[in-house]
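See structure below.
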Amino acid sequence: MAAKLGAKIDNLIEALRCLPGVGPKSAQRMTFHLLERNRDGAERLAAALSQALEQVQHCERCRILSEDALCARCADTERRQDQLCIVEMPSDVVAIEQATQYKGQYFVLSGHLSPLDGIGPEALGIPQLITRFDEHEIEEVILATNPTVEGEATAHYISQLAQTRNISVTRLAHGIPLGGELEYVDSGTLSHAFSGRESI
Ligand SMILES: [Zn+2]
């Protein structure tokens, strides 16, 4: 743990530890950097953070981060309305958009089913997803959850919800490494997996 440097400094060190991969040592280094060397940067960071927290919400349709009630993709009427691609993380949407020609809708779960961590269907927006299925616009659900145990379990759960409503379900197939994460798959592989998706 950081030595006692004063309540406000300790508090900042502790706060920085909410970032992924930041332990006590790097949090302390960041704190010193911000306070000693880059106070302008620190002010920009504080302002950007508080503005983003105030003005960025989740798109009410796909749950991706958005400054408006509907994100640009959901508001785009040129996109296909009959395909819905389901991903774990917002970064997966970015990866698929960059790697493929997909022009349908998205739904972001923000995680995967993980009963041990208390992450159930509610936390993943499944009730909202069911409402979307029941609007009868979606004809194909593309499951693009990660090929991990949890991602597969989540995909299986959602595929059953879709299939009982007579929606066809496909799953990304070739070349995605087992246990991998979509975000880190190269775009050629992701593009191939997307176009080679299989019915399940
Ligand atoms: Zn959206």
Original post:
Quick one: in segment 101-158, which of the residues that are open to solvent by less than 10 Å² (accessible area, probe 1.4 Å), among the polar types (S, T, N, Q) and more than 16 Å from the ligand (Cβ to nearest atom) is nearest to the chain's Cα centre (by Cα)?
Top reply: T145
**OP:** State yes or no: is D117 more than 25 Å from A173 (Cα to Cα), touching a residue at least 24 places away in the same chain (Cβ under 8 Å) and of a type in the set (D, E, K, R)?
**Re:** no
**OP:** Could you please let me know if E198 is open to solvent by 80 Å² or more (accessible area, probe 1.4 Å), farther than 26 Å from H58 by Cα and in contact (Cβ under 8 Å) with a residue 24 or more places away in the chain?
**Re:** yes
**OP:** Just give me the residues in segment 70-92 being closer than 16 Å to L124 by Cα and open to solvent by less than 20 Å² (accessible area, probe 1.4 Å), in sequence order.
**Re:** L84, C85, I86, V87, E88, D92
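Here's the yes/no breakdown for (1) free of Cβ contacts under 8 Å to residues at least 12 places away in the same chain; (2) within 23 Å of the chain's Cα centre (by Cα); (3) away from the ligand (no atom under 16 Å from the Cβ):
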| residue | (1), (2), (3) |
| --- | --- |
| V22 | yes, yes, yes |
| H33 | yes, no, yes |
| E36 | yes, no, yes |
| G41 | yes, no, yes |
| E54 | yes, yes, yes |
| R61 | no, yes, no |
| L70 | yes, yes, no |
| M89 | no, yes, no |
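The values are calculated or read from the model by the stated rules, or taken from the named source; none is laboratory data. Note that this is a predicted model, so its numbers are computed, not measured. Using ideal geometry, Cβ is built from the backbone for each residue, glycine included, and neighbour counts are taken over all protein chains shown. Accessible surface is based on the protein model in full, side chains and every heavy atom, while ligands, DNA and RNA are left aside. Shrake-Rupley method; radii C 1.70, N 1.55, O 1.52, S 1.80 Å.
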